[in-house]
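> This structure is in structure tokens; I'll ask about it shortly.
The values are calculated or read from the model by the stated rules, or taken from the named source; none is laboratory data. None of the values given here were measured: they were computed from a predicted structure. For neighbour counting, all protein chains shown are included, and Cβ atoms are generated from backbone atoms with ideal geometry for every residue, glycine included. Side chains included, ligands, DNA and RNA excluded: accessible areas come from the protein's heavy atoms. Shrake-Rupley method; radii C 1.70, N 1.55, O 1.52, S 1.80 Å.
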Amino acid sequence: MKAKNDTTNLTSRDLQAMERRGQLLNSAKELFALQGYHATTTRQITKHIGMADGLIYHYFPEGKKQILDMILNEFLEERYLLVESEIAALKETMPINELLISLGNIFFTYIAKDKNVLMILLKEKSVFSEEYTKSFNQHVNLLMEQTKKLIQVYVDRREIRSFDTFMMVNQFWSAIYSYIVQDVFFDNHNMYHSNRDSYLKQIVDYTLLTWKI
């Protein structure tokens, strides 16, 4: 099967079409995040990158809703699948502090990378389809289950305390999510006043204090 990003055997016209679609998606992503989905017009999306107004419908016949759906689906189906794959590759033989650092870094690498998409996710829930919301929840639940299974290994080996595994994992992931949300909305003015590496080490140290036997 051909990989999604494989451009082998594509004509110059195909490559140009891919580039223009990408430009339109990035323009829409930026404007949706900045001023909101409803406040953004298709004309603004094309004007933002100096493209002719009607050209957007050549690539996206259904207009900006199709663009929004593509932005969100790519984020969910690419980024979260990468997260799930990276977590599945982690070894339970590493020390628990290294495991938590690795988990945090995976999430920062793949989920926190695109602030514009995160801003859209936080601001535009009202326009999400029920199918998308269900799919998103499934990915989040899978992430929780993967992490719970990893943590349970350390509990069974009596390296950390045994209590509600869901709450243990929820405590950790909530701290990561909190930093990302602060970073999206407030950038360098967020409440943590530390970079990601420093914060991640702090939250891992604190988490292990609460899990210590």
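> Using only the alpha-carbon atoms of the stretch 113-208 as identical scatterers, what base-10 log of I(q)/I(0) does the Debye formula give at q = 0.14, 0.22 Å⁻¹?
The computed values of log10 I(q)/I(0) come out as -0.69, -1.19.
> Quick check: pseudo-label points 7 Å beyond the Cα along Cα→Cβ at Met94 and Glu130, how many nm apart are they?
So the label points at Met94 and Glu130 sit 4.1 nm apart.
> Taking Lys115 as the anchor, which aspartates and glutamates have their alpha carbon closer than 15 Å to its alpha carbon, excluding any fewer than eight residues away along the same chain?
Within reach: Glu30, Glu74, Glu124, Asp183, Asp187.
> Structure shown: which of Lys91/Lys125; Lys91/Lys113; Lys64/Lys201; Lys64/Lys134; Lys125/Lys201; Lys29/Lys149 lie over 30 Å apart, alpha-carbon to alpha-carbon?
In this structure, Lys91/Lys125; Lys64/Lys201; Lys125/Lys201; Lys29/Lys149 lie more than 30 Å apart at Cα.
> So what is the accessible area of the chain per residue, in Å², with the probe set to 1.4 Å?
On the way: 12490 Å² over 213 residues.
Computed with neighbouring chains in place, this is 59 Å² per residue.
> Find, among the trypsin sites (Lys or Arg not before Pro) in the stretch 149-213, those assigned to loop by DSSP (not H, G, I, E, B) with at most 14 other beta-carbon atoms within 10 angstrom. Each step should come with its number before you reach the end.
Numbers: sites: Lys149, Arg157, Arg158, Arg161, Arg196, Lys201, Lys212; in loops: Arg157, Arg158, Arg161, Lys212.
Sparse-neighbourhood loop trypsin sites (Lys or Arg not before Pro): Arg157, Arg158, Arg161, Lys212.
> Next question, about the same structure. If I model the stretch 35-85 as equal point scatterers sitting on the Cα atoms and use the Debye formula, what is log10 I(q)/I(0) at q = 0.24, 0.29, 0.31 Å⁻¹?
Listed by q, the Debye log ratios stand at -0.89, -1.08, -1.15.
> May I ask for the Kirkwood hydrodynamic radius of the chain, worked out over all distinct Cα pairs and given in angstroms to one decimal?
Numbers: mean 1/r = 0.0513 Å⁻¹.
After inverting the pairwise mean of 1/r, the radius is 19.5 Å.
> Once the dipole of the stretch 1-102 is set up with Lys and Arg at +1 and Asp and Glu at -1 on Cβ about the Cα centre, which of Ala88, Leu55, Ser12 lies farthest towards its positive end?
Farthest towards the positive end: Leu55.
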